[in-house]
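Down below is the structure, laid out as structure tokens.
The values are calculated or read from the model by the stated rules, or taken from the named source; none is laboratory data. Predicted, not measured: the structure shown is a model, and the values here were computed from it. Cβ sites come from the backbone with ideal geometry, for glycine too, and all protein chains shown count toward neighbours. For accessibility, only protein heavy atoms count, side chains too; no ligands or nucleic acids. Shrake-Rupley method; radii C 1.70, N 1.55, O 1.52, S 1.80 Å.
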Amino acid sequence: KTYVVVWNELEGGQELKLHCKSGDDDLGLRVLKPDNGFKWTFRPNFWHTTQFYCTMQWGDGKIHRFDIYIWKRDYERCGHCQWIVKESGPCFFDPAAHAYDICYGWKP
């Protein structure tokens with residue numbers, strides 16, 4: 001099994017609206033209060049094409065999108081994938097560094 005958790009670390013105590021999906025699963029809309037997270041588990045598919053993407057919204061209502069799990073990128077690096085969401089983008093927890101130091105920008 002693979003575990004994914006997404007934490008709301010937005011500045012200013014904002015709520016994060018999070019909606020994650022894959023080709024097979026819609027995890028529904030979640031509203032995360034500051035410093036709260038949403039966790040789910042799944043088994044990557046046989047074809048190694050499992051991908052979950054999330055849309056995220058806060059403050060001014062602009063929608064941001066990010067591929068939170070891509071088998072090719074994430075299978076080797078995490079069985080328990082942890083992310084924080086900041087206004088600048090999501091950051092991945094690097095177990096070797098014990099820090100959320102692998103950060104990405106938002107997809108256009």
Report task. Return the FRET efficiency for the residue pair D25, D94: r is the Cβ-Cβ distance, R0 is 22 Å, and the value is rounded to the nearest 0.05. Result -> 0.25
Query - Probe 1.4 Å, protein heavy atoms only - accessible area per residue of the chain in square angstrom - result: 59
Report summary line: Reduced to Cα centres, the span from region 85-105 to region 2-53 in Å works out to 15
Query raised in the report: Say a paramagnetic label sat at a point 7 Å from the Cα of H48, along Cα to Cβ; which residues of region 77-108 have their backbone N under 18 Å from it?
Result: 77-79
Query raised in the report: Kirkwood Rh over Cα pairs of region 61-108 into Stokes-Einstein at 10 °C, 1.306 mPa s: D in µm²/s?
Result: 138
Query raised in the report: Can you count the Lys pairs in the chain with C-alpha separation below 15 Å, eight or more apart or on different chains?
Result: 10
Query raised in the report: For the chain, what log10 I(q)/I(0) values come out of the Debye formula at q = 0.14, 0.17, 0.24 1/Å, with one point per alpha carbon and no solvent?
Result: -0.51, -0.77, -1.51
Report task. Count neighbours as other Cβ atoms within 10 Å of each site's Cβ, and list the GluC sites (Glu not before Pro) in region 1-97 that are DSSP loop with at most 11 such neighbours. Result -> E76
